[in-house]
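The values are calculated or read from the model by the stated rules, or taken from the named source; none is laboratory data. Remember, predicted model here, so these are calculated numbers, not experimental data. Cβ atoms come from the backbone with ideal geometry, glycine included; neighbour counts cover every protein chain shown.
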Amino acid sequence: MRSDRNWTRAAIAGAREAADGVREILLKPEGGAGSFPSGAHLAIRVIVEGKTDLRYYSLVGEGPVDGCWRIAVKRAEPGRGGSHYMWSLPVGARLEVAEPDTHFELSRQAPDHLLIAGGIGVTPLVGMAARLARSGRKVRMLYAGRSRRAMAYVDELTEVLGDRLEVFAGDEGRRIDLAAEFDRLDPAGEAYVCGPISLLEGARSLWQASGRRPERFVYETFGSSGRFASERFTVHAPRLGVSVAVEAGQSMLDALEAAGVGVVADCRRGECGLCVVDIVSFTGTVDHRDVFFSKAQHAENRKICVCVSRVSGGEITIDASYRSDEPLRSGPEIRRAVPV
């Protein structure tokens, strides 16, 4: 985990329900909220089952509001506990918050910009849309969600973008045709995407198929949704003599750390790749939930991001140690990893 963050104390100055299941929170740090780059997020220390953990929330808008940072937290069911904690806090509660950081910054150099949001992935794109519109840059935004009632900031975005915003509500039968949207984009245009992994993977695949330059496709994931519902499974680390049960609402990384297994990690969202370990063997299906590896690498099932990825219907043996003086061992019921 990164140790170079600058931490401060912040109080919850206000809260409201921005959409069904989405709580907007205003955080007022000691000394006031500073400006932040587009696509920035906050690292926040939360309490889950009596233990301190980290969660990351994108900042909403172009800058502070009345000396406060604005975030939006979607209540996850069942989730890992972070969103429930954030929903439980009353106005006046105090938190430890790291200074804003970003890996999802807007360049504003392209002749055309396409913003694509899925669900709560809209949060970092609100500020991007406002910055682009205010600077007179060419921009369109596509916003998809289950229903309008569950989609935060539609009114705010409509005010900023007007007819340059298109809303695709699932209960209205609307779906984004990404291939057609990429065809409409200027050849030197850029796409910024934030949403569930299914949206990111589909968009990235179509972007590659279009022959566009990969550096003009910029993305961030807001969570760790996978192909299968989260369920309990066991992870084995034979070099260390450790076998750990990973509960449905717990990440493999959290379970390993609780068992005393040190794993280098940073983003905890399947983006940076620092927590990658080798897969020795597994049963069931590996549910890769990261955006660090390609689809082809997922199919190989040789490595896994333990911060978000899981196993469905089985268990997994990993090499979580850099020692080379012991041979790897796998249990009698574990088969060698093969593509699925």
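Of note:
- Residues (modelled with pLDDT under 95 and either outside any strand (DSSP E or B) or aliphatic (A, V, I, L, M) (or both)) located in segment 1-20: Met1, Arg2, Ser3, Asp4, Arg5, Asn6
- Residue that is farthest from the chain's Cα centre (by Cα), among those in segment 59-73 that are modelled with pLDDT of 95 or more and either part of a strand (DSSP E or B) or of a type in the set (Ser, Thr, Tyr) (or both): Cys68
- Tabulated pairs, segment 283-301, first of a type in the set (Gly, Ala, Ser), second at pLDDT below 85, C-beta under 6 angstrom, 6+ apart or interchain: Ala299/Pro339
- Residue within segment 73-86 that is farther than 29 Å from Arg146 by Cβ and touching a residue at least 40 places away in the same chain (Cβ under 8 Å) present: no
- Against the list (1) over 30 Å from Glu247 (Cα atoms); (2) buried (at least 18 other Cβ atoms within 10 Å of the Cβ); (3) not assigned by TED's automatic domain parsing to the domain that holds Leu206, the condition Gly81 fails is (1).
- Count of residues meeting criterion [over 12 Å from the mean Cα position of the chain (by Cα), surrounded by fewer than 21 Cβ atoms within 10 Å (Cβ to Cβ) and among the small types (Gly, Ala, Ser)] in segment 199-225: 5
- Residue in segment 105-116 that is in a helix (DSSP H, G or I), modelled with pLDDT of 95 or more and buried (at least 24 other Cβ atoms within 10 Å of the Cβ) present: no
- Selection within segment 244-274: residues that are surrounded by 22 or more Cβ atoms within 10 Å (Cβ to Cβ) and in contact with a Phe, Trp or Tyr (Cβ under 9 Å, 6 or more places away or on another chain). The member of this set that is farthest from Thr317 (Cα to Cα) is Cys267.
- When Gly92, Gly173 are checked against the criterion of being on the phi > 0 side of the Ramachandran plot and modelled with pLDDT under 95, Gly173 stands alone in meeting it.
- Checking each residue in segment 21-44 for being hydroxyl-bearing (Ser, Thr, Tyr) and either assigned to a strand (DSSP E or B) or in contact with an Asp or Glu (Cβ under 7 Å, 6 or more places away or on another chain) (or both) picks out only Ser38.
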